[in-house]
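Below is one structure, written out as structure tokens; comments come after it.
The values are calculated or read from the model by the stated rules, or taken from the named source; none is laboratory data. These numbers come from a predicted model, not from an experiment. Because the Cβ atoms are built from the backbone with ideal geometry, glycine has one as well, and the counts that use them run over all protein chains shown. Remember, those area values only see protein heavy atoms, side chains included, never the ligands or the DNA or RNA. Shrake-Rupley method; radii C 1.70, N 1.55, O 1.52, S 1.80 Å.
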Amino acid sequence: MTGSHAAAPGPSVDLRGMLAAVRAEVAKAVVGQDAAVTGLVIALLCRGHVLLEGVPGVAKTLLVRSLSAALALDTKRVQFTPDLMPGDVTGSLVYDARTAEFSFRAGPVFTNLLLADEINRTPPKTQASLLEAMEERQVSVDGAARRLPDPFVVIATQNPVEYEGTYPLPEAQLDRFLLKLLLPLPERADEVQVLARHAAGFDPRDLTAAGLRPVAGPAELAAARAEVARVQVAREVLGYVVDLCRATRESPSLSLGVSPRGATALLATSRAWAWLSGRPYVTPDDVKALAHPTLRHRVQLRAEAELEGVTAESVLDTVLASVPVPR
């Protein structure tokens, strides 16, 4: 299983080193969220969008700002509220009295990393305004399509669904997120370290003072993406990805299984993970490693299964245990 990717290991080692350094930079500001940082790097390599879920106060916003600082990317933040309008996100036409013409004023969506904070607090109409941007990487206003910058990744945060005043994201929009990453409350030792940093004068609003610096940029990301695209996938591994996704559609606990788009997402994230691990080919273990974050938001539990305490995670565990692994 070798290919052109294996023929030129030099740049690959350098690029992987740079993306490992990104994780180290983010850790200067955010403690104990290494899995989420790795997930965000994978999303950038796949040009996919991310849903971050966690209770308020676990450094979701700081995580995104730190990542953009380490990668020299532009970032903007939109606080989603019940009265937010679609034009507040995408931009709108503004009448200029001096020229007597309408001009386009770009919204915050014109950036590299868009932090959509508490996306499930805004009504479906405004949530849907992000759909075209996420899928087509463009915004249409008054019939004219405007391209978004590259890379363009939406990182949407949501509070766990039990919270009051939330509008659940529709399945069609959930499916457009490449990964759903869970940000747990920190371990005791990590929380002590967070407080120690604040006691020593750490200011989350001043990342430069915390020592964060860019260690890679859009050019390195583009080069890394080109290498990820050359990571080889054996037919047996492709079959394994398909079998996992088909097994979710047959699960008695689920009313909605993983769509073919979910299968292509799992293929993409597995390739990125294989590349980050220094391999020019995908193994079944790569697929297993990314199954939960790539698929957990693409399945829907039956009401009776939820009442019995079944979770999306436990269904995926069952599927991973039951589908034969290619050898």
**Report entry** ³J(HN,Hα) computed for each position of the stretch 35-51 - Karplus, 6.51 cos²θ - 1.76 cosθ + 1.60, integer Hz, glycine/proline x
**Finding:** 5, 5, 4, 4, x, 5, 5, 4, 4, 5, 5, 9, 6, x, 9, 10, 9
**Report entry** Ala219 versus Tyr167: modelled label distance in nm, points set 7 Å from Cα along the beta carbon direction
**Finding:** 4.3
Query raised in the report: How much area per residue is accessible in the stretch 274-327 when the probe is 1.4 Å and only protein heavy atoms are counted (Å²)?
Result: 49
Report summary line: Given backbone amide H placed at 1.01 Å from N, residues whose amide H is under 5 Å from that of Val141, ignoring those fewer than 5 places away on the same chain, are Arg146
Query - Calculated from backbone phi, Karplus (6.51, -1.76, 1.60) coupling profile of the stretch 221-230 in Hz, x at Gly/Pro - result: 4, 5, 5, 5, 4, 5, 5, 4, 5, 9
Query raised in the report: For the pair Glu308 and Ala21, how long in nm is the line joining their label points, each one 7 Å along Cα→Cβ?
Result: 5.2
Query - the chain - share of DSSP beta bridges that are antiparallel (%, nearest 5) - result: 40
Requested in this report: Treating cross-link reach as a plain straight distance, find the lysines whose alpha-carbon is under 27 Å from the alpha-carbon of Lys125, omitting any fewer than eight places away in the same chain.
Outcome: Lys60, Lys76, Lys180
Query raised in the report: If you roll a 1.4 Å probe over the heavy atoms of the protein chains, what accessible area per residue do you get for the stretch 37-168, in Å²?
Result: 42
Query - Highest-MSF residue in the chain out of Arg146, Arg47, Arg23 [GNM, Cα springs under 10 Å] - result: Arg146
**Report entry** Two-site label geometry, Leu320 and His198: point separation in nm, points 7 Å out along Cα→Cβ
**Finding:** 3.3
Query raised in the report: Considering only protein heavy atoms and a 1.4 Å probe, what is the carbon-and-sulfur percentage of the accessible area of the stretch 97-254?
Result: 52
Query raised in the report: Of Phe152, Phe110, which has the most accessible area with a 1.4 Å probe, and how do the rest follow in descending order?
Result: Phe110, Phe152
Query - Farthest toward positive dipole pole in the chain [+1 Lys/Arg, -1 Asp/Glu at C-beta], among Leu84, Ala224, Ala272 - result: Ala224
Report summary line: If every Lys and Arg gets +1 and every Asp and Glu gets -1 at its Cβ, then about the Cα centre the chain yields a dipole, in debye to the nearest 20, of 820
Requested in this report: Springs between alpha-carbon atoms under 10 Å, Gaussian network over the chain: tell me which of Ala268, Ala189, Ala35 tops the mean-square fluctuations.
Outcome: Ala189
